[in-house]
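Report on the following structure.
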Amino acid sequence: MTTATRLTGAALSTLLVIGTGTLASAPAKASETAPVDAGTGSTAMPNQVLRRGCHRYGYTYSVGTSTGDWVLETFLVDPDGRSVSSGVFSSDSEPDSGSAAFGLCRSVTRSGRFTITGRLTTYDGWDDAVSWITPTTVRLHRRR
């Protein structure tokens, strides 16, 4: 073993020990804070006709939080209980209230009562709170 190999091995061992120590000791919180307010959210969607082919079906969302830092995940659940479309919104790129659309194809979508559910995650620094918004029920049907 050469001197260069020993020095390289010693340097790598030192980096490994220092790196491991850094990972093992995460910074402590400065002080205990109150739990994060979970916030509130809602969705709305009118009853709609399933049109022939693949189309987008509009809905609206609204979020209310005390921190202003949030992520809302929305899910469109079909009459059989399967999630058939979804959306994700973040305070970093979307307003607190807005509109969006679920993409559906009539040939593979059964008509009936659908439910929009939503998972709202609110952040305050390193802390977060998760809540499920009140579900919205909507009827998607074929033209009579």
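State the number of residues belonging to region 110-133 that are under 30 Å from residue 52 (Cα atoms) and part of a loop (DSSP other than H, G, I, E, B). Residues flagged as under 30 Å from residue 52 (Cα atoms) and part of a loop (DSSP other than H, G, I, E, B) within region 110-133 amount to 2.
Would you mind stating whether residue 68 is at pLDDT below 95 and either touching a Gly at 6+ places or on another chain (Cβ under 8 Å) or small (Gly, Ala, Ser) (or both)? Answer is yes for this residue. Within region 72-109, if we keep just the residues that are part of a loop (DSSP other than H, G, I, E, B) and among the acidic types (Asp, Glu), the residue that is farthest from residue 140 (Cα to Cα) turns out to be 92.
For residue 124, the stated conditions hold: it is at pLDDT below 95, crowded, with 17+ Cβ neighbours inside 10 Å and more than 14 Å from the chain's Cα centre (by Cα). The residues listed here are 85, 62, 93, 99; of these, the one that is within 27 Å of residue 38 (Cβ to Cβ), polar (S, T, N, Q) and in contact with a Phe, Trp or Tyr (Cβ under 6 Å, 6 or more places away or on another chain) is 85.
Note on region 63-95: residues that are surrounded by 15 or more Cβ atoms within 10 Å (Cβ to Cβ), within 14 Å of the chain's Cα centre (by Cα) and without any contact (Cβ under 8 Å) to a residue 40 or more places away in the chain amount to 6. Is it true that residue 46 is under 17 Å from residue 122 (Cβ atoms) and more than 15 Å from the chain's Cα centre (by Cα)? Criteria not met by residue 46. For region 63-77, give me the residue count where each residue is more than 12 Å from residue 129 (Cα to Cα) and among the hydroxyl-bearing types (Ser, Thr, Tyr). Of the residues in that region, 1 qualify.
The values are calculated or read from the model by the stated rules, or taken from the named source; none is laboratory data. Predicted model, so just to flag it, every value in this text is computed and none were measured. Virtual Cβ from ideal backbone geometry, glycine too; neighbours counted across all protein chains shown.
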